[in-house]
Each structure stands twice: as structure tokens, then as C-alpha cells.
Amino acid sequence: MLVQRQVRLAWLLVLPTLLVVVFVAGYPLAQVFYWSFYKADIALVDPPEFVGFENYLFLLRDPDFREALWNTVKFTVFSVSIETVLGLVIALIIHSNFRGRGLVRTAILIPWAIPTVVSAKMWQWMLNDVYGVINVIGVKLGILSQKVAFLARPELMLPAIIAVDVWKTTPFMALLLLAGLQLIPEELYEAASIDGATRWQQFWTITLPLLTPALVVALIFRTLDALRVFDVIYVMTGVNPATRTLAVYNRQNLIDFQDLGYGSAISVAILIVTFAFVILYMRSIGREALR
């Protein structure tokens with residue numbers, strides 16, 4: 001009886017939060033699914049026309065959608081991979097004891113604290129081929145033979161944006177991994193040192209296994225964010241096909257083309273891609289790591 005009362009009390013306490021979530025997230029999501037089956041403009045000037053799965057069928061044939069999907073996957077894989085490796089290295093460094101550690105920990109958070117639109121615009125100016133400081137310094141130091149239009153050459157645009165995203169988001173990964181490192185008992189390292197284990201052996205047998213839950217959480221958070229990337233790409237290159245991601249392509253159809261039906265179908269596609277990545281993580285490393 002006591003257990004049942006506690007369960008009922010728990011549901012009563014959670015119920016307001018669930019209702020808010022359903023209202024804030026569930027209703028808009030249901031609207032997106034609803035409009036994805038219609039042909040309609042966003043202003044609803046003309047009466048909506050039910051077209052069933054026609055928007056989704058066109059999605060499969062649309063070369064622009066496939067290109068945007070490929071750009072999104074490339075951006076996600078490269079940015080998240082680099083940020084994870086660099087974040088782990090930085091977390092290991094600032095986790096060690098040295099003079100000025102608090103100042104360094106604060107300093108590395110500066111790129112992450114800067115609003116994305118501000119940092120994207122800043123890097124857009126720095127990468128400019130006429131007055132950008134990156135080109136000026138590169139030419140003076142002999143790294144570049146001549147000034148390079150990083151944001152005008154299709155083969156360099158996406159790598160440049162990935163570099164900017166790595167600069168901004170690596171501190172976030174380092175912060176999450178640092179929190180995981182601080183949960184590992186120091187006694188384990190002391191015992192391993194007594195047994196003669198090297199630092200490298202301690203990393204592979206103690207640090208990495210015990211850090212895996214935090215690493216998985218960081219990967220999931222960062223991957224979900226990267227799959228929905230919009231601001232840094234839209235600010236730096238707009239709707240250029242060489243860098244246009246799913247979110248940018250979605251905005252282009254909804255706002256520029258005023259296509260509510262097809263734009264909603266793209267939104268559903270983004271949701272499906274995001275869930276696919278989460279399931280992939282959980283099936284490969286997440287389920288065992290989080291136990």
C-alpha cells in the first residue's frame with residue numbers, strides 16, 4: 001500500500017512537467033507531421049491540398065535534399081570526431097595539478113561562451129581573402145603563397161566552417177569530459193602506480209573505461225547539436241549548396257520558398273536522421289557504457 005501511494009505521488013509530481021512538455025514540444029511536433037501530408041504555402045493564402053506521402057516521395061528524389069543530407073553527415077562526423085579528441089586531450093591537461101589551473105579552465109570556456117552568431121561573423125571577417133587577418137598572417141609567415149578565399153571556394157568552405165565549429169565547441173566537450181574525470185577515484189591511479197603501470201597503461205585500463213559513460217553522453221549531446229546545425233553555416237555562407245545542411249535547406253523551403261508542406265517533410269526527415277544516430281550510439285557503445 002505504501003509503495004502504491006509513493007508511486008501515485010510520484011506521478012502527481014511529474015504530471016505538471018509532462019503536460020508542459022506535451023504542450024511545448026508535442027503540439028508543434030504533431031503540427032509538423034500534419035502539414036507534411038499537405039501541399040500548402042506558409043501564409044495559407046490558397047486552401048491546403050492533401051497530398052499524402054507525395055512530399056516524402058519527392059524528398060527521396062530531390063538532389064538538393066541528398067546534397068544537404070551529405071553535407072550534414074560530413075559536418076557531424078568530422079566536427080564531432082575532432083572535438084571529442086581535442087576535448088579529451090584538454091580535459092586530461094586541465095585535470096592535472098599545475099599552477100594557474102583555475103585560470104586556464106576559465107580561459108578555455110571563452111570560445112564556448114561567445115554567442116554562435118557573433119563568433120561566426122567574427123570568423124567570417126577573419127577568413128576574408130581581402131582584409132582577413134588569417135590570410136594576412138599566413139602570407140607574412142610564408143604559410144600561404146597568396147591570399148585564399150576560404151569562404152568562396154567550394155572545396156574549402158565546409159572545412160573552414162568545421163574548423164570554426166571545432167574552435168567554438170571543443171571547450172564544451174572538454175567540460176563534460178572533465179566532469180567525468182573528476183569522478184574517477186585517485187586511489188585507482190595510486191594502486192596502479194604501485195603495481196608499476198605506466199601513465200599510458202593507466203589511461204587505457206582505468207581512465208578510458210571509467211570515462212566511457214561521460215564520453216557517450218558528450219557524444220550524444222554534441223551529435224544531436226551538430227545534426228541540427230544552422231546558425232554558424234547560415235551566417236558564414238548562407239544557403240550555398242556547398243555547405244547547405246538539412247536545417248539550412250529546411251529554412252530555405254519554409255521561409256524563402258514559402259513551402260509549408262515540403263518544409264514540414266524536411267523537418268520530419270531531420271527528426272528521423274537524429275533518432276537514427278541516437279539509436280546507432282546506443283546500440284554500439286551507449287547501452288553497455290551506461291550500465
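The values are calculated or read from the model by the stated rules, or taken from the named source; none is laboratory data. None of the values given here were measured: they were computed from a predicted structure. Virtual Cβ from ideal backbone geometry, glycine too; neighbours counted across all protein chains shown. For the accessible areas, the whole protein counts, side chains as well, though only heavy atoms, and no ligand, DNA or RNA atoms are used. Shrake-Rupley method; radii C 1.70, N 1.55, O 1.52, S 1.80 Å.
Going through Asp231, Asp225, Asp259 one at a time, which residue ends up being open to solvent by 20 Å² or more (accessible area, probe 1.4 Å) and either touching a strand residue (DSSP E or B) at 6+ places or on another chain (Cβ under 8 Å) or of a type in the set (Gly, Ala, Ser) (or both)?
On the way: Asp231 fails: either touching a strand residue (DSSP E or B) at 6+ places or on another chain (Cβ under 8 Å) or of a type in the set (Gly, Ala, Ser) (or both); Asp225 fails: either touching a strand residue (DSSP E or B) at 6+ places or on another chain (Cβ under 8 Å) or of a type in the set (Gly, Ala, Ser) (or both).
Asp259 is the lone residue from the list that is open to solvent by 20 Å² or more (accessible area, probe 1.4 Å) and either touching a strand residue (DSSP E or B) at 6+ places or on another chain (Cβ under 8 Å) or of a type in the set (Gly, Ala, Ser) (or both).
Residue count for segment 181-199, restricted to those that are surrounded by 13 or more Cβ atoms within 10 Å (Cβ to Cβ) and touching a residue at least 60 places away in the same chain (Cβ under 8 Å): 1.
Inside segment 13-43, can you point out the residues that are part of a loop (DSSP other than H, G, I, E, B) and surrounded by 12 or more Cβ atoms within 10 Å (Cβ to Cβ)?
The initial filter retains those residues of segment 13-43 that are part of a loop (DSSP other than H, G, I, E, B), namely 36-37, 40, 42-43.
Once the filter is applied, which keeps residues that are part of a loop (DSSP other than H, G, I, E, B) and surrounded by 12 or more Cβ atoms within 10 Å (Cβ to Cβ), segment 13-43 yields Ser36, Phe37, Ala40, Ile42.
For Val278, are the conditions met, namely being part of a helix (DSSP H, G or I), open to solvent by less than 30 Å² (accessible area, probe 1.4 Å) and either within 30 Å of Ile94 (Cβ to Cβ) or among the basic types (Lys, Arg) (or both)? Working first, answer last.
Working: part of a helix (DSSP H, G or I): yes; open to solvent by less than 30 Å² (accessible area, probe 1.4 Å): no; either within 30 Å of Ile94 (Cβ to Cβ) or among the basic types (Lys, Arg) (or both): yes.
In short, no.
Buried (at least 21 other Cβ atoms within 10 Å of the Cβ) and among the polar types (S, T, N, Q): is that true of Thr170 in this structure? When the stated conditions are applied, Thr170 passes them. Residues in segment 122-136 that are part of a helix (DSSP H, G or I) and open to solvent by less than 80 Å² (accessible area, probe 1.4 Å): Met122, Trp123, Gln124, Met126, Val133, Ile134, Asn135, Val136.
Looking at Ile93, Ile110 in this structure, which one is farther than 22 Å from Pro159 by Cβ, loosely packed, with under 13 Cβ neighbours inside 10 Å, out of contact with any Cys (no Cβ under 7 Å at 6 or more places or on another chain) and at pLDDT below 95? If you could, list the steps in order and put the result at the bottom.
Working: Ile93 fails: loosely packed, with under 13 Cβ neighbours inside 10 Å.
The conditions single out Ile110.
Check whether at least one residue in segment 90-110 is part of a helix (DSSP H, G or I) and within 15 Å of Ala163 (Cβ to Cβ), and report yes or no. The answer is no, given that none of the residues of segment 90-110 is part of a helix (DSSP H, G or I) and within 15 Å of Ala163 (Cβ to Cβ). As a summary of the residue check, Asp46 satisfies the conditions (1) open to solvent by 90 Å² or more (accessible area, probe 1.4 Å); (2) part of a helix (DSSP H, G or I); (3) charged (D, E, K, R) except for the one numbered (2). For Gly52, the stated conditions do not hold, so it cannot be described as of a type outside the set (Phe, Trp, Tyr), under 29 Å from the mean Cα position of the chain (by Cα) and open to solvent by less than 80 Å² (accessible area, probe 1.4 Å).
Leu178 passes every criterion in (1) closer than 18 Å to Ser79 by Cβ; (2) among the hydrophobic types (A, V, I, L, M, F, W, C); (3) in contact (Cβ under 8 Å) with a residue 40 or more places away in the chain; (4) not in a loop (DSSP other than H, G, I, E, B) apart from (1).
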